[in-house]
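See structure below.
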Amino acid sequence: MSSFNGEIVLIVAAILFVLGLIGVLTRKNIIFILLSVEIMLNSAGLAFVAAGAKWQQPDGQVMFLFILAMAAAEVSVGLALVLQIYHQHKTLDVDGLKELRD
Amino acid sequence: MSLLFYISSFVAILATVMVITRYHPIHALLYLVVSLLAVAMVFLSLGAPFVAVLEVIIYAGAIMVLFIFFIMMLNLGSETAQQEKNWLQPRVWVGPSLLSLVLLGEVVMLLLKGQNIVIQTSVVDARKVALSLYGEYIVGVELTGFLLMAGIVGAAHIGKQKKRNLHRFLQENENTGTTIKTIICPPSTVK
């Protein structure tokens, strides 16, 4: 049984989310973009668990479980798509995917 | 418990910074595993042991191992790191990072300006989570089952190779008619 400031937990979650956002915005490789999306999902889950801990209710943890299942499904489909992209283009550079341009 | 929280959140932030600054994919993945383990410690200090265990097993275990197998299968190595290194010049990442950090500063300011929230942590154990999950959230559990099913079927369908794709070593030599030689010889000696 301990107590600490709730703002700190939310600030940590916000920092992690912004780090993931920076990763999505600045990276060029699809693998790194998927990793950064995982960071963002994880930080959202952290905020949910913190909110659940504030009222000592299990709902935050239940929402984290849903986020976890969603992340697993997203990663499997995303990696399959990346595999197809790699087979078609022999690269993981997002600049290489420009068939829709012309 | 409070000290545990501060240390592990510091480790999580540091490891996440390392994730988004590494050039080599495997290094970034291993730092991400460290970050997820640190977040699991944060969950433990917040009084959520079940979620902490799931974070270690599913996130740091299953999903990250999936990524690692994927990188090993695609043989992403030093040329990917070199490409990332060429791309990640300061003029590329400074702009988005600064703007995102401005937004982060606004969020932090709003959080600190609000009324003081004190979290009294008491352990919410797996029993309460399970009773809630299979009680009021049972529809969500079934929809999650649908989602996972759709994910499996979608991944199996997309990952299926529809047209015949040669390996890149074979494809280079296909036009010159040396494919048989390529198959006989190990690919490293051909190129």
If I ask for residues that are surrounded by 19 or more Cβ atoms within 10 Å (Cβ to Cβ) and under 14 Å from the mean Cα position of the chain (by Cα), which ones from the stretch B:39-59 would you list?
B:39, B:55, B:59
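So that you can scan it fast, the table gives a plain yes or no per residue for (1) more than 7 Å from every other protein chain (Cβ to nearest Cβ); (2) not small (Gly, Ala, Ser):
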{"site": "B:56", "(1), (2)": "yes, yes"}
{"site": "B:61", "(1), (2)": "yes, no"}
{"site": "B:66", "(1), (2)": "no, yes"}
{"site": "B:74", "(1), (2)": "no, yes"}
{"site": "B:78", "(1), (2)": "yes, no"}
{"site": "B:89", "(1), (2)": "yes, yes"}
{"site": "B:92", "(1), (2)": "no, yes"}
{"site": "B:113", "(1), (2)": "yes, yes"}
{"site": "B:121", "(1), (2)": "no, yes"}
Of the conditions (1) modelled with pLDDT under 90; (2) crowded, with 24+ Cβ neighbours inside 10 Å; (3) of a type in the set (A, V, I, L, M, F, W, C), residue A:55 fails just one. Which one is it?
(2)
If you go through the stretch A:25-68 one residue at a time, how many are touching a strand residue (DSSP E or B) at 6+ places or on another chain (Cβ under 6 Å) and among the aliphatic types (A, V, I, L, M)?
1
Positions within the stretch B:1-32 being of a type in the set (Phe, Trp, Tyr) and within 30 Å of residue A:93 (Cα to Cα), in sequence order
B:23, B:31
If you take the residues in the stretch B:113-153 that are in contact with a Ser or Thr (Cβ under 8 Å, 6 or more places away or on another chain) and free of Cβ contacts under 8 Å to residues at least 60 places away in the same chain, which one is surrounded by the most Cβ atoms within 10 Å (Cβ to Cβ)?
B:151
Mind checking which residues of the stretch A:23-45 are in contact with a Pro (Cβ under 9 Å, 6 or more places away or on another chain) and over 19 Å from residue A:71 (Cβ atoms)?
A:25, A:26, A:29
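The values are calculated or read from the model by the stated rules, or taken from the named source; none is laboratory data. Remember, it's a predicted structure, so these values are computed and weren't measured experimentally. Glycine also receives a Cβ, built like all others from the backbone with ideal geometry; neighbour counts cover every protein chain displayed.
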